[in-house]
Amino acid sequence: MMHKSVSLITGVLLTIAFCTFIMIYEKRAMTTAQSRIDTHARIIEDAMWNYNQQGVQEYLKLAAFSDHYESLTVTHHNGDPFQEIHREPATGLDRLLMAVHLMPRVQLNAQVYHQGNIIGRMEAVWVPETIYMHAYVFFALVMVFVIMQLYLRLLKSNTRLEERVKVRTAELMASNLELKQEIEERARAEEALRTSEQKHRLLSENIHDIIWTMDLDLNYTYISPAATKVQGWEPVDLKTMTLERSITPASFEKASQIFAEQLTMGERTGDYGRSTTMELELYRKDGSTVMSEVTASFLVGEDGRPTGILGVTRDITERRRAEKEKAALRRQLERSKKMESLGLLAGGVAHDLNNVLSGIVSYPDLLLMDLPVDDAMRAPIETIKESGQKAATIVQDLLTLARRGVSTSEVLNLNSLIEDQLRSAEHQKLLTYYPDIRFSLKLEADLPNIKGSSVHLNKTIMNLVSNAAEAQPNGGEIIVTTESVYMDQAIRGYDTVKAGEYVRLRVKDEGEGISETDLNHIFEPFYTKKKMGRSGTGLGLAVVWGTVQDHDGYIDVHSIQGEGTVFDLYFPLSRDAVEKKDPRINLAAIQGSGETILVVDDMESQRKIASHLLQRLNYTAHTADSGEAAIAYLKDHTVDLVILDMIMDPGMDGLDTWCRIIELHPKQRAIIASGYAETDKVRTVQRLGAGEYLKKPYMIDSLGKAVKKALAGAHSG
């Protein structure tokens with residue numbers, strides 16, 4: 001009876017011990033399984049963010065095979081499926097064990113994060129093979145129990161002992177058979193593991209990002225071959241190097257600090273399952289550096305403690321270059337918008353000033369023609385004329401800034417313009433201000449021509465030279481260079497120069513240079529550090545900008561403070577030859593023969609000036625203060641020529657007026673007048689039969705030539 005009690009107690013204790021062991025083992029197995037699926041979620045986050053379907057699929061297949069998942073599903077945060085992997089259904093013993101629930105199906109899930117945000121969810125059905133371990137424990141306990149039973153029963157009977165020995169022998173044979181089967185199963189598992197490792201290695205060796213692992217002392221334990229393309233060293237060399245040697249000091253300090261913070265946070269919370277993304281600067285084998293984006297997370301052991309670090313390093317050099325180019329394009333667009341706004345303002349001011357200056361510029365010519373050579377009033381009137389012309393020059397600068405100033409386009413040679421400018425009175429005056437400045441010319445022989453306005457290009461050259469002289473108050477050298485260039489691709493500088501054939505004008509000085517802040521504003525009107533009234537009006541470089549834009553050219557500026565500045569101007573090359581200009585026509589050649597001319601202008605001062613000049617040229621002048629008044633006059637009268645202002649407000653403008661005029665008089669001759677350069681409306685009027693375009697303010701010689709030419713066309717027609 002006593003033996004039976006001992007056997008019962010022993011059996012109960014062994015059962016309790018067995019159940020306790022199973023519970024502990026199951027809990028640890030579940031913790032390990034959850035850690036594995038969390039690791040899988042971290043590994044696929046970059047690929048899922050980049051929609052790398054193939055990469056995720058291959059990895060999930062390997063994970064499903066290696067970790068015995070019946071199914072493995074990845075969905076986006078909005079519920080849309082991303083990947084779904086299913087293994088083949090279980091067969092044989094496994095299928096039977098599943099049917100009787102000895103091998104359970106465990107549901108596992110993990111969130112997929114990217115840079116702190118949930119981008120998806122991973123779910124798995126795990127089929128643990130714990131039944132085999134349970135069997136071993138069970139057989140071990142049975143063995144102990146049987147031995148105890150044999151010992152107790154030995155006291156009672158040798159016969160029973162022999163029977164027990166026979167039974168035990170049979171059980172041992174069965175156990176050996178199962179052990180043999182387990183050995184074979186383990187061999188198959190090891191082979192599967194080797195296959196899995198080969199697939200993982202194939203994956204890591206054929207992607208552009210560097211996959212690596214480190215121990216907790218920040219020494220590489222594995223690094224993929226992509227490191228050679230990024231850093232130049234072979235993986236075997238990097239494994240022998242400390243991290244401090246392979247990244248810059250600032251990046252090493254940054255990485256060490258983040259690693260320490262993550263480790264401390266993990267120790268405080270008990271959770272090491274986080275990934276960190278940072279930008280680090282890596283050394284290359286040739287000594288240069290490369291920017292990279294590094295994503296790293298802890299490798300966690302079965303005890304929940306970190307055993308190492310797993311990371312992915314991506315070369316972001318191209319991304320940084322694209323960001324810089326985007327920022328440069330944004331700055332260029334902002335500059336263009338700013339200059340366009342300033343140009344609109346300058347254009348409006350210039351239009352009004354043109355009308356105001358017309359009397360100051362035009363009347364002195366009439367007065368001087370009637371005054372004797374020795375008259376005392378000649379000097380004051382000539383002073384008024386000179387002042388008016390200077391004011392008109394400023395207006396022309398404003399119009400150039402408004403991109404409404406270039407009204408002519410002729411074939412020019414930049415070398416000739418430079419040589420003429422350096423012989424001009426303005427240049428000689430500049431030399432008196434800066435006697436210590438030396439000039440060097442490096443002009444390309446047989447330089448191709450360009451098309452444009454000689455007036456505006458001369459002013460551009462003068463402004464650049466003056467600006468270079470002002471930058472060298474203590475003397476220095478100014479080098480003016482011309483050359484023809486061909487670019488087969490665009491270059492990005494201060495301005496983006498498109499591919500093509502150009503004539504380049506370069507003005508280089510050895511002056512103080514321009515700060516980066518000032519460089520972003522130098523072409524703005526009145527943004528100047530020159531001495532106002534002596535070396536500039538604050539419009540010099542603004543005029544340069546406007547002129548280059550009107551000539552379909554580009555500007556590039558390079559400056560280093562303390563070393564000097566280089567201005568490069570690119571003008572489209574022309575293969576046309578320079579035309580010889582006709583000799584200047586004298587006043588007698590532009591006199592009229594009493595022809596009748598109608599001046600249509602909404603400004604009274606402009607009508608008076610034009611009438612006086614026309615009368616002086618022996619024409620009969622009539623005026624109309626609006627388009628409506630002109631139409632009313634022409635209904636009852638005919639004239640030989642109409643001088644038509646394009647901008648009249650309020651009421652009909654020049655285009656509307658001309659359309660009504662040709663309805664009344666289809667063969668009417670006209671001259672178009674405006675303070676602006678040619679516009680689309682001007683060209684439309686000319687296509688409808690109008691003739692010359694005359695730029696205000698009215699000057700006796702330009703007005704006389706335009707009228708003479710228009711009337712000559714009428715007579716020939």
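The values are calculated or read from the model by the stated rules, or taken from the named source; none is laboratory data. All figures in this text were calculated on a predicted structure; none of them were measured in a lab. Don't worry about glycine lacking a Cβ; one is built from the backbone with ideal geometry, like all the others, and counts go over all protein chains shown.
When 9, 37 are checked against the criterion of being among the β-branched types (Val, Ile, Thr) and either under 28 Å from residue 314 (Cα atoms) or modelled with pLDDT of 80 or more (or both), 37 stands alone in meeting it. Going by what's in this entry, would residue 669 be described as assigned by TED's automatic domain parsing to the domain that holds residue 602, over 45 Å from the mean Cα position of the chain (by Cα), farther than 23 Å from residue 591 by Cα and modelled with pLDDT of 90 or more? Criteria not met by residue 669. Going by the conditions given, is residue 645 out of contact with any Leu (no Cβ under 6 Å at 6 or more places or on another chain), acidic (Asp, Glu), within 23 Å of residue 686 (Cβ to Cβ) and surrounded by fewer than 20 Cβ atoms within 10 Å (Cβ to Cβ)? No: the conditions fail for residue 645.
Against the conditions (1) touching a strand residue (DSSP E or B) at 6+ places or on another chain (Cβ under 7 Å); (2) in a loop (DSSP other than H, G, I, E, B), where does residue 623 fall short? Just the number, please. Evaluating residue 623 over (1) touching a strand residue (DSSP E or B) at 6+ places or on another chain (Cβ under 7 Å); (2) in a loop (DSSP other than H, G, I, E, B) leaves (2) as the failure. Just the residues that are surrounded by fewer than 18 Cβ atoms within 10 Å (Cβ to Cβ) and touching a strand residue (DSSP E or B) at 6+ places or on another chain (Cβ under 8 Å), please, taken from the range 465-484. Across the range 465-484, the qualifying residues are 475, 477, 479, 481, 483, 484. For the range 547-574, what are the residues that are touching a residue at least 60 places away in the same chain (Cβ under 8 Å), polar (S, T, N, Q) and in a strand (DSSP E or B)? If the condition is that a residue be touching a residue at least 60 places away in the same chain (Cβ under 8 Å), polar (S, T, N, Q) and in a strand (DSSP E or B), then 565, 574 are the ones that fit. Selection within the range 632-658: residues that are among the hydroxyl-bearing types (Ser, Thr, Tyr) and in a helix (DSSP H, G or I). The member of this set that is farthest from residue 619 (Cα to Cα) is 657.
In the set (1) in a helix (DSSP H, G or I); (2) surrounded by fewer than 16 Cβ atoms within 10 Å (Cβ to Cβ), the condition left unmet by residue 40 is number (2). Restricting the range 260-276 to residues that are outside any loop (DSSP other than H, G, I, E, B) and touching a helix residue (DSSP H, G or I) at 6+ places or on another chain (Cβ under 9 Å), the residue that is surrounded by the most Cβ atoms within 10 Å (Cβ to Cβ) is 275. Contact map, the range 591-616: first residue farther than 20 Å from residue 649 by Cβ, second residue assigned to a loop (DSSP other than H, G, I, E, B) and of a type in the set (Ser, Thr, Tyr), Cβ cut-off under 8 Å, separation 6 or more or different chains; pairs are 592/619; 594/619; 595/619; 596/619; 596/638; 597/619; 613/698. Restricting attention to the range 97-127, the residues being assigned to a strand (DSSP E or B), under 21 Å from residue 70 (Cβ atoms) and of a type in the set (Val, Ile, Thr) number 3.
One line per residue, one yes/no per condition, for (1) out of contact with any strand residue (DSSP E or B) (no Cβ under 6 Å at 6 or more places or on another chain); (2) modelled with pLDDT under 85:
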position	(1), (2)
538	yes, yes
547	yes, yes
556	no, no
564	no, no
567	no, no
574	no, yes
577	yes, yes
584	yes, yes
588	yes, yes
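Sort through 45, 88, 70 and tell me the only one that's outside the structural domain of residue 298 (by TED's automatic domain parsing) and within 30 Å of residue 314 (Cα to Cα).
Values: 88 fails: within 30 Å of residue 314 (Cα to Cα); 70 fails: within 30 Å of residue 314 (Cα to Cα).
Exactly one of 45, 88, 70 is outside the structural domain of residue 298 (by TED's automatic domain parsing) and within 30 Å of residue 314 (Cα to Cα), namely 45.
The set of residues in the range 401-440 being of a type in the set (A, V, I, L, M), more than 15 Å from residue 463 (Cα to Cα) and at pLDDT below 85 consists of 402, 406. In the range 269-279, is there at least one residue being more than 25 Å from residue 33 (Cβ to Cβ), touching an Asp or Glu at 6+ places or on another chain (Cβ under 8 Å), in contact (Cβ under 8 Å) with a residue 60 or more places away in the chain and polar (S, T, N, Q)? Checked the range 269-279: at least one residue is more than 25 Å from residue 33 (Cβ to Cβ), touching an Asp or Glu at 6+ places or on another chain (Cβ under 8 Å), in contact (Cβ under 8 Å) with a residue 60 or more places away in the chain and polar (S, T, N, Q). In contact (Cβ under 8 Å) with a residue 60 or more places away in the chain, of a type in the set (Asp, Glu), farther than 30 Å from residue 172 by Cα and in contact with a His (Cβ under 9 Å, 6 or more places away or on another chain), is that true of residue 46? The answer is yes for residue 46.
Is it true that some residue in the range 171-188 is at pLDDT below 65 and in the same structural domain as residue 21 (by TED's automatic domain parsing)?
No, because not a single residue in the range 171-188 is at pLDDT below 65 and in the same structural domain as residue 21 (by TED's automatic domain parsing).
When you look at residue 285, is it in the same structural domain as residue 229 (by TED's automatic domain parsing), farther than 16 Å from residue 312 by Cβ, of a type outside the set (Val, Ile, Thr) and within 33 Å of the chain's Cα centre (by Cα), yes or no? Answer is yes for this residue.
Against the test of being modelled with pLDDT under 85, closer than 30 Å to residue 644 by Cβ and either outside the structural domain of residue 651 (by TED's automatic domain parsing) or of a type in the set (S, T, N, Q) (or both), the options 521, 551 yield a single qualifying residue, 551.
In the set (1) farther than 19 Å from residue 686 by Cβ; (2) crowded, with 18+ Cβ neighbours inside 10 Å; (3) touching a residue at least 40 places away in the same chain (Cβ under 8 Å), the condition left unmet by residue 626 is number (3). Look at (1) touching a strand residue (DSSP E or B) at 6+ places or on another chain (Cβ under 6 Å); (2) among the hydroxyl-bearing types (Ser, Thr, Tyr); (3) surrounded by 19 or more Cβ atoms within 10 Å (Cβ to Cβ) and you find that residue 674 fails only one, number (1). If you go through the range 221-242 and pick out every residue that is part of a strand (DSSP E or B) and crowded, with 18+ Cβ neighbours inside 10 Å, you end up with 1.
Of the residues making up the range 431-454, those that are within 15 Å of residue 478 (Cα to Cα) and under 42 Å from the mean Cα position of the chain (by Cα) are 437, 438, 439, 440, 441, 442, 443.
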